[in-house]
Amino acid sequence: MNKRTFIKLSSAIMATPLLSPLKGWAQAEKLKNWAGNLEYSTGNVYYPTSVEEVQQFVKKLSKVKALGTRHCFNTIADSKDNLISLKEMNKVVLLDAAAKTVTIEGGINYGQLCPYLDEQGFALHNLASLPHISVAGAATTATHGSGVKNGNLATAVAGLEIVKADGNIVHLSKEKDGDNFYAAVVGLGAFGVITKLTLKLVPTFQVRQYVYEKLPLAELKQNFNAIVSAGYSVSLFTDWQTDTINEVWIKSRVDDGTNYAAQPEFYGAKATIKNMHPIAELSAENCTEQMGVAGPWYERLPHFKMGFTPSSGVELQAEYFVPHQHAADAIFAVQKIGKEIGPHLFISEIRTIDADDFWMSPCYKQPSVTIHFTLKQEVEAVNKLLPKIEAVLAPYHAKPHWGKLFTMPAKTLAAHYKKMPEFKEVVAKYDPHGKFRNEFLNRNIYGE
Ligand SMILES: Cc1cc2nc3c(=O)[nH]c(=O)nc-3n(C[C@H](O)[C@H](O)[C@H](O)COP(=O)(O)OP(=O)(O)OC[C@H]3O[C@@H](n4cnc5c(N)ncnc54)[C@H](O)[C@@H]3O)c2cc1C
């Protein structure tokens, strides 16, 4: 850029309402992530209210990272330099009932979107355990719910609008853009700022939720596939301390063939007689309705209600994906070190996810099972524990959740992600000078 262009650009920026956030950030307090285990490395946070403002910020800044609802536990969303939060850009742009798609702004979260979709007679195929997370952050980190036939949340994405490093807009769609699309949807925040997403919709549906306690591990070993396929979405909660799975949550669609017929026993587990929290000792007040009471998809697929904080937040999370065929063996391998995990654990959850086509998705061409750990916020102890969990899961080709804690080195990640070299090539087209790269990407993807 020559000097004349620079002066013109600077004065244009100074003359616009962008002035106030630019002034404001100098005093801004540094934000923390949801769990509070991470303070972002910069207080320079920009809050654009339009795509044009996003473009101006991106053009002006030499290093920047988009920020969603800050639910990740690691530094994937961190920046030492600048953050752009799309918090103010949280509207529905267009619902196309004929095409069964909705186009939304890049800062909307599921709690804001889902009731609207339901009112219009539509639903998303699946949701994560909580509705408070942004749709863009969920897609880019391959966030998932459960269900053997349900792909992760990114699989609902049919199109993206991204502000790339030069400040220009690019539109990507499944139909038109093939490889670029499959690289960018689970894009780990590397492509730019996602300002719009188009999601595929399904007709609205009702779900009943049933919870069972104390499923014998012997039954799980014998009948793993039948158990996780018993409903539209099934979650197993365990603390690894006994020879049973603490709780089985079955989310059953009222209207289709996966409708689960409630019984007092489920593979030796007993039906509960009241709503449960995944940690049985805690109040179920913030949990979605159970006991077979039918309700809309968005009030049953998440475990936690929108109006509540899911838990105190003083926790850490780690999660590993293993190929579905290795699930039972992987679960039993973790069970063997259960006594070591126990003192640091609140609860573990086991879920299933169908295969997808996104290059950096842990479920790329591979139906998977996840083993999740909600851990106490004991950073040092957790840092020592995770390599042990990763070691017992290594024979099962475990991959970590992109938004949770892990200690696996870049070379292990590279071995798991065969498409990583092509991913980097596509990123380079959108961000040739690494404007959106941060320490997380440098370490885990670029091996620096
Ligand atoms: C209590 C709790 C429960 C959870 N439950 C689940 C669960 O059930 N399933 C699961 O898989 N995960 C779960 N997670 C993990 C977490 O939900 C996901 O990683 C989350 O979806 C990330 O979204 P976010 O908006 O918080 O993103 P952030 O943490 O803010 O950012 C994550 C990444 O997304 C990028 N990003 C965000 N917005 C944009 C944008 N507009 N454009 C470009 N890049 C963007 C960031 O740059 C960063 O790389 C849970 C987390 C918590 C705290």
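The values are calculated or read from the model by the stated rules, or taken from the named source; none is laboratory data. Here the structure is a predicted model, which means the values were calculated and not measured. A quick note on method: Cβ atoms are made from the backbone with ideal geometry, for glycine too, and the neighbour counts reach across all protein chains shown.
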On the basis of being on the phi > 0 side of the Ramachandran plot and of a type outside the set (Gly, Ala, Ser), does Lys100 make the cut? yes
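Filter the range 152-185 down to residues that are outside any helix (DSSP H, G or I) and polar (S, T, N, Q) and give me whichever is nearest to Tyr417 (Cα to Cα).
Asn152
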Residue pairs meeting the criteria (Cβ under 6 Å; at least 6 apart or on separate chains; first closer than 18 Å to Glu247 by Cβ and away from the ligand (no atom under 15 Å from the Cβ), in the range 284-305; second hydrophobic (A, V, I, L, M, F, W, C) and in a loop (DSSP other than H, G, I, E, B)): Ala284/Met276; Gly292/Ala262
Looking for something at pLDDT 95 or above, surrounded by 20 or more Cβ atoms within 10 Å (Cβ to Cβ) and near the ligand (Cβ under 8 Å from one of its atoms) - is there at least one such residue anywhere in the range 43-64? no
Determine which member of the set Phe423, Phe406, Phe436, Phe440 is hydrophobic (A, V, I, L, M, F, W, C) and in contact with a Lys or Arg (Cβ under 7 Å, 6 or more places away or on another chain). Phe436
For the range 375-383, indicate whether the set of residues that are modelled with pLDDT of 95 or more, within 16 Å of the ligand (Cβ to nearest atom) and either under 19 Å from Leu236 (Cβ atoms) or in a loop (DSSP other than H, G, I, E, B) (or both) is non-empty. yes
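Could you tell me whether Ile273 is out of contact with any His (no Cβ under 9 Å at 6 or more places or on another chain) and in a loop (DSSP other than H, G, I, E, B)?
Yes, satisfied.
Going by what's in this entry, would Phe346 be described as within 22 Å of Tyr417 (Cα to Cα), buried (at least 18 other Cβ atoms within 10 Å of the Cβ) and of a type in the set (A, V, I, L, M, F, W, C)?
Answer is no for this residue.
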Under the condition of being among the aliphatic types (A, V, I, L, M) and assigned to a strand (DSSP E or B), which residue from the range 57-79 is farthest from the chain's Cα centre (by Cα)? Ala66
Residues His372, His324: which one is away from the ligand (no atom under 16 Å from the Cβ), closer than 30 Å to Met420 by Cα and touching a Ser or Thr at 6+ places or on another chain (Cβ under 8 Å)? His324
Scan the range 71-103 residue by residue and report those that are of a type in the set (Lys, Arg) and farther than 29 Å from Gln120 by Cβ. Lys80
Please work out which one of (1) at pLDDT 95 or above; (2) within 8 Å of the ligand (Cβ to nearest atom) is the condition Ala158 fails and give its number. (2)
Among the residues that make up the range 114-135, is at least one of them more than 23 Å from Val234 (Cβ to Cβ), near the ligand (Cβ under 10 Å from one of its atoms) and buried (at least 24 other Cβ atoms within 10 Å of the Cβ)? yes
Tell me, which residue of the range 172-197 that is more than 14 Å from the ligand (Cβ to nearest atom), at pLDDT 95 or above and not basic (Lys, Arg) is surrounded by the fewest Cβ atoms within 10 Å (Cβ to Cβ)? Asp179
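Yes or no, residue by residue, for (1) in a helix (DSSP H, G or I); (2) away from the ligand (no atom under 15 Å from the Cβ); (3) surrounded by 19 or more Cβ atoms within 10 Å (Cβ to Cβ); (4) among the basic types (Lys, Arg):
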position: Leu386; (1), (2), (3), (4): yes, yes, yes, no
position: Ile389; (1), (2), (3), (4): yes, yes, yes, no
position: Leu393; (1), (2), (3), (4): yes, yes, yes, no
position: Lys404; (1), (2), (3), (4): no, no, yes, yes
position: Ala415; (1), (2), (3), (4): yes, yes, no, no
position: Lys424; (1), (2), (3), (4): yes, yes, no, yes
